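Data block below; observations after.
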Amino acid sequence: MSGRTTGIRELLRVRGDGRGPIDLAAIDPRSTPGLPGRHVVGEDAKGWARTEVGVVGADLARQQEMLFASAKADPEFSRRVLLVLQAVDCGGKDGTIRRVAGAMNPLGLHIRAFGPPTELERRHHFLWRIRRALPEPGYVGVFNRSHYEDVLIARVESLVPERVWRGRYDEINEFERELTEGGVALVKVMLHISRGEQLERLGARLTDPTKYWKYNPADLDARARWADYQAAYAEALGRTSPPTAPWYVVPADRKWYRNWAVARLLRETFVDLGLRYPPAGFDVERERLRLASEKSPGGPK
């Protein structure tokens, strides 16, 4: 069943011209692009998607192991995967990481959440902290927020002059070109939720004591700037989505679809890497004979 739905990257890819914003409002946050037509939206679809994420997750774990093993076997191996997640507050970044990246081995994962820059970070170029957090070869990295905050919140909240944040689009494109040429497979995902869905999720955080810790009163202040943030996202997506490092907009009002789509995006990316388990760097038959001698009655004790 999992092999019947393909090409999710083509369906969700942002095709910006690099010169201006995309029409983000034209993308329905409750839509389910690529979902097999026979799966109706409802409980049946939820169950199917959860099962499918488990199937895809098992393959992601295998792909990640091959990536890690390849780097361990070859000091010159440079490939790595970096999943960049961006969303407005309550967009589902944490849930996506838990459901999708959680299928992989934590020893081969490098997860980093970017909050407001520290005093030290503010004294450096905005990409300084990003470079320090990049995954090593053989690892899968996950960024919960990223360098894109410096053209999103920095723009909306006027943290820097307009000439500064506008200049960062070109800097980001150059930085990501450097990454992809250096062996990084970038998967940039914007989790796209509606204003109404955000309201429901904020409300849920105030009705469940186990979710109080997730609530931040400042989220309502940011919500008041919803249109400004949507405009900032639309322009960032349009100006930083070249063919070598495209953005993918995942409709995320339906959490089960969100998880399914991101898992598929990662799997398609891994398939393109053409990974294999590295061959043995020793004489396999000789080692088998040595082990067999240990089992024989007269073998070494």
Counting just the residues of the stretch 170-185 that are closer than 19 Å to L237 by Cβ and open to solvent by 80 Å² or more (accessible area, probe 1.4 Å), which one comes out nearest to the chain's Cα centre (by Cα)?
R177
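Here is a yes/no grid of residues against (1) under 28 Å from A69 (Cβ atoms); (2) in contact with a Leu (Cβ under 6 Å, 6 or more places away or on another chain); (3) of a type outside the set (K, R):
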residue	(1), (2), (3)
H125	no, no, yes
I130	yes, no, yes
V140	yes, yes, yes
K188	yes, no, no
P209	no, no, yes
What single numbered condition from (1) open to solvent by 70 Å² or more (accessible area, probe 1.4 Å); (2) hydroxyl-bearing (S, T, Y); (3) within 25 Å of R258 (Cβ to Cβ) fails to hold for S158?
(3)
Of the residues in the stretch 258-295, how many are in a loop (DSSP other than H, G, I, E, B), more than 20 Å from Q63 (Cβ to Cβ) and open to solvent by 100 Å² or more (accessible area, probe 1.4 Å)?
1
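Keeping to the stretch 186-221, report how many residues are acidic (D, E), surrounded by 12 or more Cβ atoms within 10 Å (Cβ to Cβ) and not in a helix (DSSP H, G or I). Give the steps one after another, and end with the answer.
First, the residues of the stretch 186-221 that are acidic (D, E): 197, 200, 208, 219, 221.
Then drop every residue that is not surrounded by 12 or more Cβ atoms within 10 Å (Cβ to Cβ), which leaves 197, 200, 219.
From what's left, not in a helix (DSSP H, G or I): none.
Summing the residues that are acidic (D, E), surrounded by 12 or more Cβ atoms within 10 Å (Cβ to Cβ) and not in a helix (DSSP H, G or I) in the stretch 186-221 gives 0.
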Suppose we keep only residues that are touching a helix residue (DSSP H, G or I) at 6+ places or on another chain (Cβ under 7 Å) and closer than 20 Å to G18 by Cα within the stretch 128-153. Which one would you say is most open to solvent (accessible area, probe 1.4 Å)?
D150
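The values are calculated or read from the model by the stated rules, or taken from the named source; none is laboratory data. If you're wondering where the values come from, they're calculated on a predicted model, not measured in any experiment. Note that each Cβ is placed from the backbone with ideal geometry, even for glycine, and that neighbours are counted across all protein chains shown. Only protein heavy atoms, including side chains, enter the accessible area calculation; ligands, DNA and RNA are left aside. Shrake-Rupley method; radii C 1.70, N 1.55, O 1.52, S 1.80 Å.
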